[in-house]
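Before any comments, here is the structure.
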Amino acid sequence: MAAGCAPRSEARRTGGVVVGSTATGVPFSFYDVRTNTLTGAMVDIVKAVAAQAAMPVEVQVTAFSALIPSLTVGKIDLIAAAMLRTPAREAVVDFSDPVYAYGGAVVVPADDPGAYPDLARLAGRRVGAQVGSRFVDQLAEAGVGDVRTYDNLADILRDLRLGRLDAAYGDEPIIRYYLRVTRTRALRLAPEFAPGAREQVCLIMRKGETELAARLNTAIAAIKDTRIAAIVKAWGL
């Protein structure tokens, strides 16, 4: 499962995997300062899938932009994060069966009276999106020219509050969770926005890991309607 240059770990020594997950993808994966642990829906899901597969697992904090490079060089064996399945990524890595699916959301200042039923309405505006995400590509495809990329959604929404951006576009569950938890009155979702499609969230592995893929998919199928569904509900997704 691990490349020869990869660091040793207790999980690998016992036939398991090292999982990379981000610290800023609330509620999918984030660092909880109260408990000093990485937590979130995708962290819970990968642990549940690994337990079903009788596979030891170790979860490590990895920056979103470093997830795929860390996987391909063998620093980690799986990615469990809010990283959507796309054709470009499928050319580089393999995906498990889906564990969840969602689309994007547009958020604007609360005093913006505009309607944003589609991304084309953001043309001519300063729009923030997360670097390396599918949402940057979607904005470009819609003809939005002024796209400013950030490492995480928290920084995007901060700059939107401060007036450095006119809109933000990103993961709908993460944005909705942020607005609900912070109770900010400075920002609002565009309720009329209709994402083109709900895109798949999967566990991600290196190309050609057929045995690992089979174990993961068998485990996902066994618990998707029970344990995974309960995790999704518990995190309010």
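The values are calculated or read from the model by the stated rules, or taken from the named source; none is laboratory data. From a predicted model like this one, the values you see are computed outputs, not experimental measurements. Neighbour counts are summed over all protein chains in view; Cβ atoms, including those assigned to glycine, are modelled from backbone coordinates with ideal geometry.
Inspection of the range 24-32 finds no residue satisfying the criterion of being at pLDDT 90 or above, assigned by TED's automatic domain parsing to the domain that holds T226, β-branched (V, I, T) and crowded, with 20+ Cβ neighbours inside 10 Å. Of the residues making up the range 162-174, those that are within 19 Å of V131 (Cα to Cα) and surrounded by fewer than 22 Cβ atoms within 10 Å (Cβ to Cβ) are R164, D166, E172.
Contact map, the range 45-64: residues that are within 21 Å of L237 (Cα to Cα) paired with residues that are outside any helix (DSSP H, G or I) and among the charged types (D, E, K, R), Cβ distance under 9 Å, separation 6+ or inter-chain. Pairs shown: F64/D151.
Applying the criterion of being modelled with pLDDT of 95 or more and not in a strand (DSSP E or B) to the residues of the range 77-90, the residue that is surrounded by the most Cβ atoms within 10 Å (Cβ to Cβ) is A80. Looking only at residues in the range 9-47 that are assigned to a helix (DSSP H, G or I) and either aromatic (F, W, Y) or touching a helix residue (DSSP H, G or I) at 6+ places or on another chain (Cβ under 7 Å) (or both), the one that is nearest to T226 (Cα to Cα) is I45. Note on the range 175-224: residues that are of a type in the set (A, V, I, L, M, F, W, C), in contact with a helix residue (DSSP H, G or I) (Cβ under 8 Å, 6 or more places away or on another chain) and farther than 23 Å from P113 by Cα total 9. Annotation note: Cβ proximity below 9 Å between a residue of the range 145-158 that is in the same structural domain as F30 (by TED's automatic domain parsing) and a residue that is part of a helix (DSSP H, G or I) and at pLDDT 95 or above (sequence gap 6+ or interchain) occurs for no pair. Against the test of being small (G, A, S) and assigned to a strand (DSSP E or B), the options A115, A50, A105 yield a single qualifying residue, A105.
Applying the criterion of being modelled with pLDDT under 75 and small (G, A, S) to the residues of the range 1-23, the residue that is surrounded by the fewest Cβ atoms within 10 Å (Cβ to Cβ) is G4. Scanning the range 53-68 for residues that are assigned to a helix (DSSP H, G or I) and closer than 20 Å to S96 by Cβ, we see that the one that is farthest from the chain's Cα centre (by Cα) is I68.
For the structure I just gave you, tell me whether G145 is farther than 23 Å from Y31 by Cα, under 13 Å from the mean Cα position of the chain (by Cα) and of a type outside the set (D, E, K, R). Here the answer is no, as G145 does not meet what is asked. Residues that are β-branched (V, I, T) and farther than 15 Å from P109 by Cα do occur in the range 160-182, at least one of them. Flag not set for A91, criterion: without any contact (Cβ under 8 Å) to a residue 24 or more places away in the chain and more than 30 Å from Q60 (Cα to Cα).
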